[in-house]
Structure formats: structure tokens, C-alpha cells
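Notes for the one structure printed next.
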Amino acid sequence: MDFELTDDQKRIRRAAREFAEGELGDAIAPYDERQTFPHEIVKKLGPLGFLGVLVPDEYGGAGLDYVSYALIVEELCRGDASVGITMWAHNSLCTNHITVFGSEAQKRRYLPRLASGDVLGAWGLTEAGSGSDAAALRTRAEWRDGEWVLNGSKAFITNASVGGLAVVLARTDPEQRSRSISAFILERGTPGFRAGQPYRKLGLHASDTAELILEDARVPAAGLLGERGMGFVHALQVLEGGRIAMAAMGVGIAEAALGQSVKYMNQRTAFGRTLAEFNGLQGMIAEVAAEVEVARLLTLRAAYLKDTGRPARHAAAMAKLFASETAMKAASKAVQIHGGAGYITEFPVERIFRDAKLTEIGEGTSEIQRLVIAREILQLS
Amino acid sequence: MNIVVCAKVVPLSSVTIRIDPATRRMVRKDVSQELDPQAAKAVEEALRLTEKHGGSVTVVVMGGEDATIGIRGALAMGATAAIHLSDPALAGSDALGTAKALAAAIRKAPFDLVMCATESSDSYTGLVPGQLAQLLGVPPLTFATSVTVEGRTVTIKRQSEGGYDVVSAELPLLVTVTTGINEPRYPTLKGIMGAKKKEIKRYTAAELGLGPAEVGESGAREKVLTVGRPPARPAGTIIQDDGEGGKKIAAFLADLKLI
Ligand SMILES: Cc1cc2nc3c(=O)[nH]c(=O)nc-3n(C[C@H](O)[C@H](O)[C@@H](O)COP(=O)(O)OP(=O)(O)OC[C@H]3O[C@@H](n4cnc5c(N)ncnc54)[C@H](O)[C@@H]3O)c2cc1C
Ligand SMILES: Cc1cc2nc3c(=O)[nH]c(=O)nc-3n(C[C@H](O)[C@H](O)[C@H](O)COP(=O)(O)OP(=O)(O)OC[C@H]3O[C@@H](n4cnc5c(N)ncnc54)[C@H](O)[C@@H]3O)c2cc1C
């Protein structure tokens, strides 16, 4: 057994941390406050390789392993979770769906643009009426006169309004439930395809979340991604990687919260002592630090299973569940440790607290992760 | 244009530096190292020059085995090749010994321009570049806040009290850059992976033609006698405000002839 990262992985983590420390953090505060997308900062991700982390070299990506990827997501989310989710939703969902299931022609056409950051990618599974029960989606794709015609809408989609490309799941065979869903690639500018107004959200204010609206949106035959009817099966596989990324996001947020807590405890005095000297707070810090470590190990293990080609569904669900709940706990404790200062926007923990909540909801809620884990353990189908 | 950048690899800036009281040297063992952020600016400037004028950037580092991470860092930024001088015989060199080793390594291949940071981030004597220029027999252009090359003429803006001087000389020469000259680029993921494939040449002291009389502890003519803390500042005066606080502060400042 070996807990040591390779030299490459260490260097990559350091590079991601350097970028996050130099460009994220407080620099995002004004975007968060105005709820605007930090185009200027996201633009820097592509040239550094952060938008094509898992894309093979021949398509313009960095071709890295999942462990490196998880480390990058953790570091960027530690710097800022809005930029973090923008980056990993692009990588894990849209880009990875095309990388893993796209035809050679689709990969040649889309991956170089996605990997360089020329376009950001969105991925639409969720609808207003179907989230956890994603297979109940109602967006339809009909084959008419030599092209696909899509109707419906997708809710809560990351990068929907800033993205230049979206992978969208739609029902191609309304009669059947299984094998009736297919995936499509939609380019911005496709007639009948547009994004709604970005939502106003609790947190992740500097990330873009909006509806994708399809009104007789026309997609050529070449826009079908993967085999017809395999869309949902493929989506579940895409989500497996997405859960590892969301777990890494949880670890990053938790680490940020912990770091802020430690800093504040060493600075702030009360009753003539620093907060660091109070037993009750020490207990909080110790517990959070231990849980962050567990969350990271679970996340890296799930990534490692993926890298070695083994089933990672169970491990990814466990990592996602634990890391997201750790993020929420770490953020909540961080606000508590900061007292009143933790409740006002001047201190980063207020933002971290708002951002953390999403990790328990996106990519399958905590309840759904528990369901996935329990089914596996109880051998229920 | 062949540019050689002399870069030190130093403890991470987040690490608290410790001095070994016995040897009075900085403890570098088991301390995370990085490319000196000052030297990174020299690397950045060199890369910008070769991107404009063509040529290569070779990074020379004298330092222990764990300096490799910093060398790879410079290669990941885009440097073409590196030379690592890591020989126990070089440990304990003083500034002149360091300059001798660097000069000998630089002379192994044709060069046009040598770039250094004005001083290193860890022991910042600022002695090495001047000595190096002397040993290489080239003019040093120091404290550059910008560097331009036209043909064989290098022109720098030198930071001065009131503004800057414009100074130029013909290649080959040595330039030292200041902190403000640029913001070094972040290494790209591809750069990091590609850095592994780049060559790192190694020379021993013997291969550089240097013996114990010139380099290492034995060759050091300067000895650090003591390393001490700055004197503690005397405790301040605390004035309790009992209604007369303002007056007391005014009297205190008047005593010091500040008001
Ligand atoms: C507390 C202390 C005090 C010291 N005092 C003295 C002293 O008074 N006299 C003396 O001779 N020595 C002294 N030394 C030793 C001396 O610092 C180093 O041995 C010598 O390498 C100079 O390093 P520097 O970092 O000061 O170089 P600087 O002259 O500050 O470095 C300037 C530039 O030269 C280049 N450079 C320097 N070192 C290297 C390297 N190893 N590899 C590649 N490029 C390099 C880099 O471009 C660097 O940015 C002292 C060391 C310590 C720890
Ligand atoms: C900021 C943000 C970004 C997002 N980005 C994307 C994206 O890029 N692409 C995308 O497709 N989607 C995205 N989503 C959607 C997200 O994946 C869904 O919101 C999530 O899966 C939950 O679905 P829902 O909102 O429909 O909740 P519901 O499914 O309605 O759940 C409501 C509650 O019921 C619980 N519940 C549901 N089923 C069960 C069950 N069987 N057992 C126990 N409890 C259950 C849930 O846990 C939850 O507590 C995003 C959401 C947000 C907020």
C-alpha cells in the first residue's frame, strides 16, 4: 500500500495551488457580491490546461489521471468554489461525456475547443420536474426530415448561459422507460436553443447556473452522442466521475474553511487569550481536520480506482457523501469559530458557508448517495 | 540567443527558516523547496526574450538533491534545459565559491546572456552576480526593471532613487533583474508533464575543474561567525484612559519632541 503521491501529482497539485492562491480567493469576492461570472479569471484556466485535464493529448488536453484531476479540483475549490465548479462541470460532465462516448469525428470537432477553453461546456440532465429521479426526464427528441428536433427544458444547469456547447439528455423513444434516452451535442447558436436568465442563488454566486430551453431545436444526425437509447446509461457513468469531482470540491471547501478557522483562532483574543487556547474550539478544529483527511482519502481512493480501471461507483458515492457533509460541517464550524465576524460578508467564511451547501445537493443529493451505497451493501437491484 | 539563467532553489516561502547553530547554515533537509521566486522572474524575462528573438534558455542551479523540484519548476515554465550542480564537494561554498562553480558550468557551452536575480530570497547577499560577471569577463547590467535586445545590444532600465537610468552594452553580458520586472507565468499542465522529458545535465566540482581550495566549506574564505536575532524592541508604554488619556499621550509625544 502506498499513500505517496507521484512526483508529477505533487507538482500538479502545487501548480494548481499556486494558481488558486494567486488568482482566486479574495479576488472573487466582488463577483460573488454582484453575482456576476468572472470571465476574466475563467479565461486564464484554458491556457494553463485546467479545462482539458482528462482529455487525451491528441485532442489538445493534458491527458492526466483522475488522482491529479481530483487534486486540481480540490485546490481550485479551496481557492474559490464558484470557479471550481465552473471548471469541473466543464471537465467532468460535458467534456468527459464527449471524450468517453463521442465518435472520432465528434472528438476531433469539439475536444480541442473545449480543452483550450475556447468554449465552456454545459451538461443538461436535470429538469424542473426530475432531478433525483433523472430517468423521468421529459425533454423529447424526434427524428424529423433527416434531423433531430428537441423540445423541453433543463433546469439548474452549470455553465448554461456562458457555455458555447451543451450535452443534453432527451427521450428518443417515449414508449419505453429504459434505453429510451439519448444524448445530444448542441452548439450555441443552434436555432431553437437558448439559455434562460441565470438563477439567483444561495451560494456559488460567481458561477453560472441557468435553464437550457429547447423549442424545436434542430440537431443534425452527427449531433447524436453515443448510441441511440444509451444516453442514460452513459450519463450514469459520466456522473460517477462527476461525483469524484464533487467530492474533491467538498474537500477543497472544507480545507478552505479549516484554514480560515486556524488563522482566525491564532489572531483573535478573548478573555486575554487567543481563541486557539480554548478547549472547546480546539475540539472543533481537531474533529474537522480529521474528517477533512478522511474525505480526502476517500476521494483519492475513488479516483485511484477509476485510474486503475476498476468499478468506482460505490467508492465515488461514499466519497461524495462524506466529503460534501464534511464541507458543510467545516463551513458551519468556521462561521461559529468566527462569531459575529463569520456572519458578515467581510470575512471569507460567510461565502464559504453559502458555497458549501451545494455539495450536498448537486451530482445526486446526500440522500441519493445513501441510497446508492445502501443498495450496493444490501445487494438490492 | 543562448540565455543562461542562474537560479537558486530555496525553502518554500511559507516555511519558517531555521539556522543550524553548529554550522550556522540554513537547515535545508526535509524542508519543501521551490524555485526562488526572485529567480523565477529572471526565468520569465529570459523566456519572454527568446519568445521574441528566438534561442534557448538554460537554467543553472547549484544546490542539493532536493533542488530538483525547483529545477523542474523552471523547465515547466518553458526553459529549454537545465544544469544541476549538486556535489557534496560544493556544499558550504561562500558567495565567491558559488560564483566560481556557476561560471565554470556556464563556460561549458557558448552563451550570449546570463541572467540573475538581484539577490536570492533566502540568504540575499547579492554578491554572486557581480562576482560571476567578473569571472566570466562580461559587463554586468544590474537592477534591471526592463530588458530589451536589438541585434547584439542589450538595453536595460536601471531602477534608481529618482527614476531610472537607461544603460546598454554589447553581448555577451550579465543582467540582474529586480522584483518588479514582471509577473512570472504559472506553469501549464502540459509544461509540467513535458518538463520530465527535458535534459538536466550534472557536473561534479572535479568536472568543473574546481578543487577544495576554491569551493565548498574548505574553499570558503568568508566565514559566518554568528547568526543572531535582531534585538528585541523595548516594551511600549501603555496609557490607560482615565479621562486624561489624551493629555497624557500629548505629553508623551511632546517629550519625544514629536509635537
Ligand atoms: C546568514 C548567512 C550569511 C552569509 N554571509 C555570507 C557572506 O557574508 N559572504 C559570503 O561570501 N557568503 C555568505 N554566505 C553564504 C552565501 O550566502 C552563499 O553561500 C552563496 O551561495 C551566496 O548566496 P546568496 O543567496 O546570498 O546569493 P545572492 O548573491 O543573493 O544571489 C543573487 C543571484 O545569484 C544567483 N545565485 C546565487 N546562488 C545561486 C546558486 N546556488 N545557484 C544558482 N544561482 C545562484 C541567482 O541568480 C541569485 O538570484 C552566508 C550565508 C548565510 C546563510
Ligand atoms: C448550483 C447547481 C448546479 C447544478 N448543475 C447541474 C448541471 O450542470 N447539470 C444537471 O443536470 N443538473 C445540475 N444541477 C441539478 C442537481 O443535480 C439537482 O438539483 C439534484 O440532483 C437534485 O434534484 P432536484 O433538485 O430535482 O431535487 P429532488 O429530486 O426534487 O429532491 C428533493 C429532496 O428529496 C430527496 N429525495 C429525492 N428522492 C429521494 C429518495 N428516493 N429517497 C430519499 N430522498 C429523496 C432529495 O434528497 C432532496 O432532499 C445543479 C443544481 C444546482 C443547485
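A few points about this structure:
- Pairwise burial A:B, computed as accessible area of each alone minus the pair, summed, 1.4 Å, Å²: 1500
- Annotation: per residue accessible area for the protein assembly as shown equals 48 Å², rounded to a whole number [probe 1.4 Å, protein chains only].
- Average Cα contact separation per residue, segment A:122-229, under 8 Å, 6 or more apart, as relative contact order %: 32
- Note that the protein assembly as shown shows a convex hull volume over its alpha carbon atoms of 218 Å³ per residue.
- GNM top mover of B:Ile200, B:Ile192, B:Ile238 - chain B, alpha-carbon springs below 10 Å: B:Ile238
- Over the C-alpha trace of segment B:110-259, radius of gyration and Dmax come out as 25.2, 76 angstrom.
- Of the trypsin sites (Lys or Arg not before Pro) in segment B:175-259, the ones in a loop by DSSP (not H, G, I, E or B) with at most 11 other beta carbons within 10 Å are B:Lys197, B:Arg221, B:Lys223, B:Lys257.
- Segment A:316-373 and segment B:176-192 have Cα centres separated by 35 Å.
- Peptide A:11-22 is shielded by partner chain Cβ atoms: per residue, an average of 4 of them sit within 10 Å of its Cβ.
- Rel. contact order, % - alpha carbon contacts under 8 angstrom, at least six apart, chain A: 16
- Pairs with C-alpha atoms separated by more than 30 Å, drawn from the list B:Lys8/B:Lys108; A:Lys10/B:Lys223; A:Lys44/A:Lys154; B:Lys108/B:Lys196; B:Lys157/B:Lys196, are A:Lys10/B:Lys223; B:Lys157/B:Lys196.
- For the options B:Asp112, B:Asp122, B:Asp241, a Gaussian network treatment of chain B with springs between C-alpha atoms closer than 10 Å singles out B:Asp241 as fluctuating the most.
- C-alpha center-to-center spacing [segment B:34-95, segment B:227-259] in angstrom: 48
- Across all Cα pairs in chain B, the calculated P(r) in 5 Å bins from zero up to the longest distance comes to 1, 6, 12, 16, 17, 14, 10, 7, 4, 3, 3, 3, 3, 1, 0, 0 percent per bin.
- Distant alpha-carbon pairs in segment A:281-381 (separation over 17 angstrom), percent: 59
- Of all aspartates and glutamates in the structure, the ones whose alpha carbon falls short of 18 Å from that of A:Lys43, not counting any fewer than 8 places away in one chain, are A:Glu18, A:Glu21, A:Glu23, A:Asp26, A:Asp32, A:Glu75, A:Asp80, A:Asp118, A:Asp208, B:Glu183.
- Order of exposure, largest accessible area first, which applies to A:His314, A:His90 with probe 1.4 Å: A:His314, A:His90
- A:Leu224 accessible area, assembled protein chains, probe 1.4 Å, Å²: 40
- DSSP beta bridges fully contained in chain A are about 85 percent antiparallel.
- Two-decimal Rg to Rh for segment A:38-174 - Kirkwood Rh, Cα set: 1.00
- Counting DSSP beta bridges with both ends in the protein assembly as shown, the antiparallel % (nearest 5): 60
The values are calculated or read from the model by the stated rules, or taken from the named source; none is laboratory data. Since the structure is predicted, the reported quantities are computational estimates derived from the model, not experimental observations. All Cβ positions, even for glycine, are placed from backbone atoms using ideal geometry, and neighbour counts span all protein chains on display. Ligands, DNA and RNA are stripped out before the accessible areas are found, and what is left, the full protein with its side chains, is counted by its heavy atoms. Shrake-Rupley method; radii C 1.70, N 1.55, O 1.52, S 1.80 Å.
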